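The values are calculated or read from the model by the stated rules, or taken from the named source; none is laboratory data. In this text, all values refer to a predicted model and were calculated from it rather than measured experimentally. Cβ: placed from backbone, ideal geometry, glycine included. Neighbour counts: every protein chain shown.
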Amino acid sequence: MEFSNDIIDVSLLPSNENEVFTPLQKSYLKLRLISTTIVNLLIISALCVVVSIDIFNLPNFVVILLSSFVLIRLIWSYYKTIKAFHYKSYILREKDISYSSGWIWRSIITVPFNRVQHIQIDRGPLERKMDLARLKIFTAGGQSSDISIPGLRPSEALRIKKFIVSKTSDEEE
Amino acid sequence: MKKSDSIDLTQPTRQSYTAILIIMYRLYKLLIRQLFPIILIVLLQGKLASSPWFIYGIITIASLASLYSIVAFFKYYFFIKNQKLIVNKGVFKNSVLEIPFDRIQSINFEQNLIHRIFKVVKLNIDTAGSAGNEIQLYALDQNLANELSEIILRNKKKSTTDEGVMDETPDERKIIFRLSLPQLIKVGITENHIRSGGVIIFFFFYIYDSLKDLGINVIEKSEQYAPMAEQLAQSLTLMALFVIFFAIVAFVISLVRTILNHYDLKMYRKANGFVVVSGLLNKKERAAKDDKVQIIKSSQNLLQRLSGIHELVIKQASSAIVSDVKSIKVVGLSGMDVSDTYRYVLKSSFKGLAQLNMKKVEFYYLFKKLYYSSLLFLPLILISGYNHRIDLLIYAFALYIIALIGSRLAYRKKRYGIGTSLVKIEGGVFGFNNQIVENYKIQSLKIKASFFQRRRGLCTLIIYTASGSMKIPDINEASALKAKKFLLYKIESSRKAWM
């Protein structure tokens, strides 16, 4: 094994700070909104049941408080979903893939291809309906170090998967 | 290789007969642990214990358990076939496990008291795969165990024909470090006694809870003694005595635990890895290959700092990252020993360690800590002051001061260095610790920033490895991006196997 320890000029290294990230498919926002709506509907119906049956004998002000809380949550959940969607994006480079997400807690995670363990494409029932797929890239670093990119076209996901697989097998030769 | 030819591992082989004893022992232990509350209630309510039914019950359970152990023993056999270790087992349902040698990550030997009396060893065979996929051979004759592990390791080498450095004879054992008895006692004295205190408290709560589950309320029972207890509580000297007694018990427990775990600790080189053997009653042997080592963490608590000894944790790549099973802990090392170990594990990267330029994190790290401890303690102080609870006020104030000092110390000690070959992160509050990972062993990198961090142009860099993650908190965004860029370059241009 040869040993090298050259000095490297960091400014010459390739970077991804100025590169343009690819946003997710617009229909993914629709999907997120639908699932948010489903959750909200569940909460609202639960609230309706509690209020109409009145098993807990809730005083009026509690009902008002609860309803306003649910209302705020409702608005907030849509606002958050829309906001967060615009921060979700990915970038594929020659040797690595990055996924950026988060509105309040922003994060960018980068996985070099030569550390990828395996890749998986997931499609739930809603995703199948909307022609979307989720690409999952696993590393040996545990759950929080894996990348999961939602809102891709299935063909896109497959292409990325094939690209990464070809890159990882290059490495091994 | 020459070895006694009497051992033929291609034929189905059973474990040593001692295994019956060990299976039985494990089963009894499990039963007792499960039935502990019932046993306790029976013993407490004297009448039941003397009834013949109780004794019959015990005899039935015991004989069933023994029968089970014997059947389990005879149903358990293993052999080698086509580069695979095949294990047959199961009492009610037969199961066959096939493990290709390549998948075997490590083979560890273990000996507890029973093993030592009968001169057998326990073999833990770890595989790469989900947790629970490992094989335990409870008792094997020493020769058989050696033979088995050698066959597996030898054939493993053949299939992975990578580095040519593997030529060292496997028996070449070079002692790097040996823990002497005085040093061991020093380790015991400087242990974290607060943790032992926690164990005691936990134990009392456990007993209390089990009793309560059974309808015996300790508080109610003790109320008969309440007047006396009140008197006791009032007498401060007794209170102080109790504290001292508690401290002594905690101290003794951690001392005993240290001696049991680390007695006669030896760390030596074996081929391209480390072997650590230790233990008084339970002798454990753990092995780590240099390539498998991901993070090396050395630490000192306050007492250890004063006596100049270090603790080293060598974290290996494993499927079950969260569990501590795969990390090897060595205690009582001097600064020299630590640096020797670094030299072995890091090899060519070792030189980079001295050249690291350690940088501080941003002031926000301290600010955040001060802010949160104030948020916690100031209301407490105000409330207790408002209610004229001077005693609470003093406690809260003292804790607040400690938290402030701790924050300051944590900020001063938090440093990070990113070199051409490795990353080092230092930290600690009253003690000191540092973690080292070689650049090419990094799995992925994450930059994370909260709303508050972004407002100040800061972020946190998280470095993921195959044995856990390391965090560099609150550094400015430009330097985080620079570091990430550099590390990515290092990973992507590396062709070395990270494991």
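Figures for the structure shown
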read-out: Members of region A:7-24 found to be in contact with a helix residue (DSSP H, G or I) (Cβ under 8 Å, 6 or more places away or on another chain) and either more than 12 Å from chain B (Cβ to nearest Cβ) or at pLDDT 90 or above (or both), listed by number; value: A:23, A:24
read-out: Any chance residue B:74 is more than 32 Å from the chain's Cα centre (by Cα), over 30 Å from residue B:155 (Cα atoms) and not in a strand (DSSP E or B); value: no
read-out: Residue within region B:100-113 that is in contact (Cβ under 8 Å) with a residue 40 or more places away in the chain, touching a Leu at 6+ places or on another chain (Cβ under 8 Å) and more than 30 Å from residue B:499 (Cβ to Cβ) present; value: yes
read-out: Region B:36-58 residues that are modelled with pLDDT of 75 or more, paired with ones that are in a helix (DSSP H, G or I) and of a type in the set (Asp, Glu) (beta carbon under 8 Å, 6 or more apart); value: B:37/B:213
read-out: Given (1) more than 14 Å from every other protein chain (Cβ to nearest Cβ); (2) without any contact (Cβ under 8 Å) to a residue 40 or more places away in the chain; (3) in contact with a helix residue (DSSP H, G or I) (Cβ under 7 Å, 6 or more places away or on another chain), number of the condition residue A:139 does not satisfy; value: (1)
read-out: Among residues of region B:463-478, those that are facing chain A (nearest Cβ under 10 Å) and either free of Cβ contacts under 8 Å to residues at least 60 places away in the same chain or in a helix (DSSP H, G or I) (or both), counted; value: 5
read-out: Residues that are at pLDDT 90 or above and of a type in the set (Gly, Ala, Ser), drawn from region A:54-91; value: A:68, A:77, A:84, A:89
read-out: Count of residues meeting criterion [in contact with a Lys or Arg (Cβ under 7 Å, 6 or more places away or on another chain), free of Cβ contacts under 8 Å to residues at least 60 places away in the same chain and more than 12 Å from chain B (Cβ to nearest Cβ)] in region A:79-112; value: 1
read-out: Unique match (being under 23 Å from the mean Cα position of the chain (by Cα), hydrophobic (A, V, I, L, M, F, W, C), surrounded by 14 or more Cβ atoms within 10 Å (Cβ to Cβ) and outside any helix (DSSP H, G or I)) among A:149, A:104, A:82; value: A:149
read-out: Residues that are in a strand (DSSP E or B) and buried (at least 17 other Cβ atoms within 10 Å of the Cβ), drawn from region A:113-135; value: A:116, A:119, A:133, A:134, A:135
read-out: Single unsatisfied condition, residue B:460 versus (1) touching a strand residue (DSSP E or B) at 6+ places or on another chain (Cβ under 8 Å); (2) within 14 Å of chain A (Cβ to nearest Cβ); (3) surrounded by fewer than 22 Cβ atoms within 10 Å (Cβ to Cβ); (4) more than 20 Å from residue B:370 (Cβ to Cβ); value: (4)
read-out: Conditions (1) at pLDDT 85 or above; (2) crowded, with 18+ Cβ neighbours inside 10 Å; (3) in contact with a strand residue (DSSP E or B) (Cβ under 8 Å, 6 or more places away or on another chain): number failed by residue B:255; value: (3)
read-out: Flag if residue B:372 is touching a Pro at 6+ places or on another chain (Cβ under 6 Å) and either away from every other protein chain (no Cβ under 14 Å) or crowded, with 20+ Cβ neighbours inside 10 Å (or both); value: no
read-out: Selection count where residues are among the basic types (Lys, Arg), over 28 Å from residue A:84 (Cβ atoms) and at the interface with chain A (Cβ under 7 Å from one of its Cβ atoms), scope region B:417-453; value: 0
read-out: Any hit, region B:78-88, residues being under 32 Å from the mean Cα position of the chain (by Cα) and without any contact (Cβ under 8 Å) to a residue 40 or more places away in the chain; value: yes
read-out: Any hit, region B:403-419, residues being over 30 Å from residue B:496 (Cβ atoms) and more than 32 Å from the chain's Cα centre (by Cα); value: no
read-out: Of residues in region B:480-499 being more than 8 Å from every other protein chain (Cβ to nearest Cβ) and surrounded by fewer than 18 Cβ atoms within 10 Å (Cβ to Cβ), the one farthest from residue A:95 (Cα to Cα); value: B:497
read-out: Options B:298, B:254, B:348: the member that is of a type in the set (Ser, Thr, Tyr), on the phi < 0 side of the Ramachandran plot, outside any helix (DSSP H, G or I) and in contact (Cβ under 8 Å) with a residue 40 or more places away in the chain; value: B:298
read-out: Region B:265-283, residues that are of a type outside the set (S, T, N, Q) and touching a helix residue (DSSP H, G or I) at 6+ places or on another chain (Cβ under 8 Å); value: B:265, B:267, B:269, B:271, B:273, B:274, B:279, B:280, B:281, B:283
read-out: Test: residue in region B:357-371 that is at pLDDT 90 or above and in a strand (DSSP E or B); value: yes
read-out: Candidate set from region B:122-174 (those that are more than 22 Å from the chain's Cα centre (by Cα), surrounded by 15 or more Cβ atoms within 10 Å (Cβ to Cβ) and β-branched (Val, Ile, Thr)); member that is modelled with the highest pLDDT; value: B:151
read-out: Enumeration of residues in region B:427-457 that are surrounded by fewer than 18 Cβ atoms within 10 Å (Cβ to Cβ), touching a strand residue (DSSP E or B) at 6+ places or on another chain (Cβ under 8 Å) and over 21 Å from residue A:105 (Cβ atoms); value: B:431
